[in-house]
1. Can you list the helices (runs of 4 or more DSSP H) lying wholly within the chain that have 2 or more residues being touching a residue at least 40 places away in the same chain (Cβ under 8 Å) and not β-branched (V, I, T)?
2. Condition check: of a type in the set (A, V, I, L, M, F, W, C) and touching a Leu at 6+ places or on another chain (Cβ under 6 Å). Does W50 satisfy that?
3. Just name the residue that is modelled with the lowest pLDDT out of those in the stretch 31-64 that are of a type in the set (D, E) and loosely packed, with under 14 Cβ neighbours inside 10 Å.
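The values are calculated or read from the model by the stated rules, or taken from the named source; none is laboratory data. The model shown is predicted, which means the values in this text are computed figures rather than measured ones. Glycine gets a Cβ as well: all are built from the backbone with ideal geometry, and neighbour counts include every protein chain shown.
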Amino acid sequence: MDNLINLLSPLPWHARQSLTFDRGLEFVSWRELEKGLGAQAWFCDPQAPWQKPTVENTNRRVRRWLPRDTILLAIEQKELLGLAQRMNATPRKCLGYRTPAEVFREELAKTSGVQ
């Protein structure tokens, strides 16, 4: 959790005030994350993928490069970062054919009062 806290901490508070998780074991230490970020954690109901459709869509996109049986611990961090950059630079229909990176920067600027 420390790595995630360090990654998200530089963001303005309004960009990290809530976190939504599914019921996976990867966030078993969610209280530590909540405390470290001063954020509130929310959990989707079990077997309810419609509560997080963008996450489900992103998971399908990840599977294009990393099949379900991929052992993530065997993949170098550099490769995972490259995949994340590629995905964040891919235009999405749901974002008006803008990239997630563009939309994130725009939203940060709007909510921070920076243009």
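1. Details: elements: 2-8, 30-37, 53-62, 77-88, 100-112.
In the chain, the matching helices (runs of 4 or more DSSP H) lie at 100-112.
2. no
3. The selected residue is E56.
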